[in-house]
Amino acid sequence: MSDYLIIATRDPLSSGNADWGADLATTLKQSGAEVCLFLAENAAFAARARIVWTARDRLAAAGVELVADRFALEERGIADDEVAQGVRASDLGTVVDMLEQGRKAIWL
Amino acid sequence: MPGTLTFALMDPPYECARTTTALRLIEIALDRGFNVGVFAYEGAVYLPFAQQQAHPNAVHGRTVEEEDHPLPRLWIAALIDKARAAGLTLDWVNCGLCVDERGAHDAIEGVRRGSPADFWAMASASDNVLVIPTS
C-alpha cells in the first residue's frame, strides 16, 4: 500500500482544486494509505481558521494529515494563532522528507 | 542516506509562484544531500535562458542596479554551483522539442538539451519524482 503526498496550491475560495484535493486525500486515506495534504502557495489560505472551508473537518475526521507551508502562511500574513486547529505549520522540507519516504506525490 | 530526486517543471519564468516553490524544493533537496534531476519542458525551458536581462524601471525612476530585477537563470546557476560545491549533481535537462518550438536554444552553462526519454531515464533512476504541472 503506497502512502501519498498531495500538494495543493490554489485558494479554496476561488478554485475547486482544494476541495478536489481534499476529496482525493480522504478517499485515499479510507483505502488504508497514510495521506498528507500539504497546503502551499495560495492553498495556505485554507489553513486560516476564519475561512469557511468545510473540507477541513472532513479531512480531520478521516485522519488525513493537514500541513501548511510556513513560508506561504507568512507571505499571506497568517499568524500562528490564526491557523485552524488540526493544521500543522511546517517548512517546505516536509515535502522533501515525504518524497524521501517514497510517498507518491501529486501536485494540484 | 539521500539518493536522487527528479522534478519535472512546465511553467515559464515570472508567470506564477510554482517556479519559485520548485526552486525552493530543489535547493532543500540539495541541502539535504540529494542528487537532483530536473526535466524542464514547455515554458520552463526559458527558466535557464542565458539571455535574460535585468532592466531599469522608468516609471519608478530606478536604475538597473536599483531595480535589481530577479533573473531565474542566476538562481539556477547558483543551484548548479551549490550542487557542484557539495559534490552532488544537479542535472538540468531542457526538453529539446520545447526548446526548438520556442527558440530557447541559449541556456546557461550546466544545462543540457534532452528529450522526454531523458525524463523517463531520470525518473527510472530516481528514488522519487515530483511533476509540477502548469497552472
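Some values worked out for this structure:
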quantity: On Cα atoms only, tilt of B:72-85 relative to the major axis of chain B in degrees; calculated: 40 degrees
quantity: 0 to 90° range, to nearest 10: angle between helix B:17-31 axis and chain B longest Cα axis; calculated: 50 degrees
quantity: Tilt relative to chain A, helix A:17-30 - C-alpha long axis, 0 to 90 degrees, to 10; calculated: 40 degrees
quantity: Length-normalised contact order for segment A:1-99 - Cα pairs under 8 Å, 6+ apart - percent; calculated: 27 percent
quantity: Bridge type composition, chain B - antiparallel percent by DSSP, nearest 5; calculated: 10 percent
quantity: Inter-chain Cβ neighbour average for residues B:67-78, partner chain, 10 Å; calculated: 0
quantity: For segment A:49-108: rounded, prolate or oblate by the Cα gyration tensor [a/c cutoff 1.5]; calculated: oblate
quantity: FRET efficiency estimate (nearest 0.05) - Cβ-Cβ, A:Ser14 to A:Ala49, R0 25 angstrom; calculated: 0.85
quantity: The protein assembly as shown: C-alpha gyration tensor shape, a/c 1.5 cut-off, then a/b vs b/c; calculated: oblate
quantity: Cβ neighbours within 10 Å from other chains - mean over B:10-21; calculated: 2
quantity: Segment B:89-133: C-alpha gyration tensor shape, a/c 1.5 cut-off, then a/b vs b/c; calculated: prolate
quantity: Percent of Cα-Cα distances greater than 19 Å, calculated over chain A; calculated: 35 percent
quantity: Test item: A:91-104 mean partner chain Cβ contacts at 10 Å; calculated: 5
quantity: Unpartnered cysteines - no second Cys beta carbon under 4.7 Å - across the protein assembly as shown; calculated: A:Cys36, B:Cys16
quantity: Cα radius of gyration and Dmax for segment B:61-135 (Å); calculated: 15.5, 51
quantity: Tail beyond 18 Å, pair distance distribution of chain B (Cα, percent); calculated: 54 percent
quantity: For segment B:1-90: relative contact order, % (alpha-carbon pairs under 8 angstrom, 6 or more apart); calculated: 31 percent
quantity: Only Lys, Arg (+1) and Asp, Glu (-1) charged, at Cβ; chain B dipole about Cα centre in debye; calculated: 260 debye
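Read the figures in this text as sums done on the coordinates, not as results from a lab. Please read all numbers here as calculations on a predicted model, not as lab measurements. When we count neighbours, we look across all protein chains shown, and the Cβ atoms used for this are built from the backbone with ideal geometry, even at glycine.
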